[in-house]
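Report on the structure given below.
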Amino acid sequence: MTRRRADGSAGDADYGTIGGAYAAYRRPEPRIAALIEEALAGARTVVNVGAGAGSYESAAFEVTPVEPSASMRAQRPAHLAEAVDAVAEHLPFGDDAFDAAMATFSVHQWSDLKAGLLEMRRVARGPVVILTCDPDRVRDFWLYEYAPRVLDTEARRYPPIRDITGTLGGRCAVTTVPIPADCVDGFNEAYYARPERLLDPAARQSCSAWSFVEPEAARRYAEHLRQDLASGAWDERHGHLRHQPYLNGSLVLIRAD
Ligand SMILES: C[S@@+](CC[C@H](N)C(=O)[O-])C[C@H]1O[C@@H](n2cnc3c(N)ncnc32)[C@H](O)[C@@H]1O
């Protein structure tokens, strides 16, 4: 049985505590949205599991969002469908109820990954599309020099890609998603060329892994980055990234047919 917190949060992060500014910092990035839309092409009805504030829900589809956290549901813009209060591990829909299923930045938080993926497979006639991070590549990012325990947390939480593809079965395509330098969806790697943005505590809080380290450690990590930016040490090592239009980091898109 999935444990739920006061606001209904059903994963390993408590969005009742950390989710207040989520929608302001985690906006859908249009170039990533286009790749998701392409992966879902041909579908009319789509279930979005762990839908949060509605990022990546395209108007091209009739979307049924599923979101357990009341704090996240409250941040959904009025033009999007109201989210169903349910968890991935028990989707309240019949077999083959939708043409396709999607989940973005969510599977790493579920208490039972396998149950959630099998539920997505059960309710979708067509493709299951997952946007997630490859844990084997999470520590390649420069932030590991500053916030090692934050990225260790990410690497531990994100399920191995083979666990996802193995559970979904069928034909699976896994592609690296290029992250644009001005990415408007504020996950950690989105700031690869704009390190100053991670000095903002609200930007850090919108990436749930930061909530797994003590506030004092998070402050220390940010202070180290601030000092290296002020001294020029960060730019000496990584300044070339400021001019790199895309980063091929840990972000991947999985489509299982
Ligand atoms: C990082 S947010 C991503 C939200 C949105 N998909 C996006 O791309 O911005 C993770 C979401 O997964 C949801 N979540 C966590 N555990 C879940 C579960 N067991 N079932 C369904 N959703 C879950 C959280 O409540 C949260 O809204």
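The single condition among (1) more than 13 Å from V129 (Cα to Cα); (2) within 10 Å of the ligand (Cβ to nearest atom) that G50 does not meet is (1). Number of residues in the stretch 88-123 that are within 13 Å of the ligand (Cβ to nearest atom), within 15 Å of V46 (Cα to Cα) and surrounded by fewer than 17 Cβ atoms within 10 Å (Cβ to Cβ) equals 1.
Can you confirm whether the stretch 130-150 contains a residue that is assigned to a helix (DSSP H, G or I), β-branched (V, I, T) and in contact (Cβ under 8 Å) with a residue 24 or more places away in the chain? Before the answer, list the steps.
We begin by selecting, within the stretch 130-150, every residue assigned to a helix (DSSP H, G or I); these are 138-140, 142-145, 148-150.
Then keep just the ones that are β-branched (V, I, T); that gives 138, 150.
When the remaining residues are screened for being in contact (Cβ under 8 Å) with a residue 24 or more places away in the chain, the result is 138, 150.
Yes, that holds for at least one residue.
Among the numbered conditions (1) within 17 Å of the chain's Cα centre (by Cα); (2) near the ligand (Cβ under 10 Å from one of its atoms); (3) not in a helix (DSSP H, G or I), the only one that G20 does not meet is (2). I'd like to know if the stretch 52-70 contains one or more residues that are farther than 23 Å from Y22 by Cβ and more than 16 Å from the chain's Cα centre (by Cα). Yes, the stretch 52-70 contains at least one residue that is farther than 23 Å from Y22 by Cβ and more than 16 Å from the chain's Cα centre (by Cα). Just to verify a result, which residue in the stretch 53-74, among those that are polar (S, T, N, Q) and away from the ligand (no atom under 11 Å from the Cβ), is nearest to L118 (Cα to Cα)? My answer is T64.
Working only within the stretch 59-79, note down all residues that are assigned to a loop (DSSP other than H, G, I, E, B) and surrounded by fewer than 16 Cβ atoms within 10 Å (Cβ to Cβ). The answer is A59, A60, A74, P77, A78, H79. Determine which single condition P30 fails, assuming it passes every other condition in (1) touching a helix residue (DSSP H, G or I) at 6+ places or on another chain (Cβ under 7 Å); (2) more than 12 Å from the ligand (Cβ to nearest atom). Condition not satisfied by P30: (1).
Every number here is computed from the coordinates shown, using simple stated rules; none is lab data. Since this is a predicted model, take the numbers as computed values, not measurements. Virtual Cβ from ideal backbone geometry, glycine too; neighbours counted across all protein chains shown.
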